[in-house]
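The values are calculated or read from the model by the stated rules, or taken from the named source; none is laboratory data. This structure is a prediction, so every number in the text was calculated from the model and none was measured. Cβ coordinates were reconstructed from backbone atoms using ideal geometry, including for glycine residues, and neighbour counts include every protein chain displayed.
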Amino acid sequence: MKISSAAFSFSSGKLSQIPDDGMPEFAFIGRSNVGKSSLINMLAGNGALAKVSATPGKTKLINHFMINRQWYLVDLPGYGYAKASKSDVREFGKIITDYVCKSKKMWFLFVLVDSRHAPMRIDLDFMTMLGREGVPFGIVFTKCDKQSASQTDANIKVYEKVLSEYWEELPPIFRTSSVKREGRDGILDFIEQSMSSETVK
Ligand SMILES: Nc1nc2c(ncn2[C@@H]2O[C@H](COP(=O)(O)OP(=O)(O)O)[C@@H](O)[C@H]2O)c(=O)[nH]1
Ligand SMILES: [Mg+2]
């Protein structure tokens, strides 16, 4: 998919503030520092896009970026700050659980994990919650430039093994490097296909 325009649209503090304009939303989430802003900028082809909204005080907000005047890339707040608790809402934050579980405009959620790390409990718990709520998601392994391709492959294999203990079917998997601009087409083509298959219905 060619990106002909990308612009910051609005920030929201809760789900009800997001305008019901019928435009599809593809959202990105993960722990802080996993590379969310960098990935959104890389996909949009605009190195300054996600920074526009990254002014202090906005990090707890949902940020919408309009792409090609047709759909949105959505930057969600990072999770994993609060101490683990029994409640998903307390663990992941109400704004996050509301958006990912209740938004009717979110078509797909990309969950980012650092390709160098072994599976982390907080990420696995988050994916379990998504599964329980029937939220469609995929996993993006970020910062692949920080190690060899074979090391990334080995880490993804470990991840898949852990996931297959919980899931019969594995979610779509993407690998990216925002520094080397790798993995861009894979994600953009997936989004394009998702939108075109939905329109035919
Ligand atoms: N080497 C490398 N560094 C990255 C990559 N993506 C993000 N980073 C770095 O990781 C840090 C956190 O990135 P950022 O996009 O702000 O993460 P966010 O907190 O999830 O939005 C920054 O110092 C980025 O430069 C990547 O693909 N490769
Ligand atoms: Mg960020």
- prompt: Hey, any hits in the stretch 180-195 for a residue that's more than 22 Å from residue 41 (Cα to Cα), more than 16 Å from ligand 2 (Cβ to nearest atom) and more than 17 Å from the chain's Cα centre (by Cα)?
  reply: no
query: Out of the residues in the stretch 35-47 that are more than 9 Å from ligand 2 (Cβ to nearest atom) and touching a residue at least 24 places away in the same chain (Cβ under 8 Å), which is surrounded by the fewest Cβ atoms within 10 Å (Cβ to Cβ)?
result: 45
field: Unique match (being touching a helix residue (DSSP H, G or I) at 6+ places or on another chain (Cβ under 7 Å), crowded, with 16+ Cβ neighbours inside 10 Å and modelled with pLDDT of 95 or more) among 174, 190
entry: 174
- prompt: Can you pull out the residues in the stretch 127-162 that are within 14 Å of the chain's Cα centre (by Cα) and within 14 Å of ligand 1 (Cβ to nearest atom)?
  reply: 140, 141, 142
- prompt: Which residues, counting only those in the stretch 175-191, are within 15 Å of ligand 1 (Cβ to nearest atom) and either part of a strand (DSSP E or B) or over 16 Å from residue 27 (Cβ atoms) (or both)?
  reply: 175, 177, 178, 179, 180, 181, 182, 183, 184, 186
statement: Residues of the stretch 163-174 being more than 24 Å from residue 191 (Cα to Cα) and either within 14 Å of ligand 1 (Cβ to nearest atom) or touching a residue at least 12 places away in the same chain (Cβ under 8 Å) (or both), in sequence order, are 166
- prompt: Looking at the stretch 49-60, is at least one residue at pLDDT below 95, on the phi < 0 side of the Ramachandran plot, of a type outside the set (Ser, Thr, Tyr) and buried (at least 21 other Cβ atoms within 10 Å of the Cβ)?
  reply: yes
query: Does residue 110 qualify as being modelled with pLDDT of 90 or more and of a type in the set (Phe, Trp, Tyr)?
result: yes
- request: For the stretch 73-83, indicate whether the set of residues that are outside any loop (DSSP other than H, G, I, E, B), under 21 Å from residue 178 (Cβ atoms), of a type outside the set (Asp, Glu) and at pLDDT 95 or above is non-empty.
  value: yes
task: Have a look at 169, 160 and point out the one that is among the acidic types (Asp, Glu) and exposed (fewer than 14 other Cβ atoms within 10 Å of the Cβ).
output: 169
query: Say we look at the stretch 23-37 and pick out the residues that are more than 8 Å from the chain's Cα centre (by Cα) and part of a strand (DSSP E or B); which of these is nearest to ligand 1 (Cβ to nearest atom)?
result: 31
query: If you scan the stretch 63-72, which residues turn out to be within 16 Å of ligand 1 (Cβ to nearest atom) and either in contact with a Leu (Cβ under 6 Å, 6 or more places away or on another chain) or not in a strand (DSSP E or B) (or both)?
result: 65
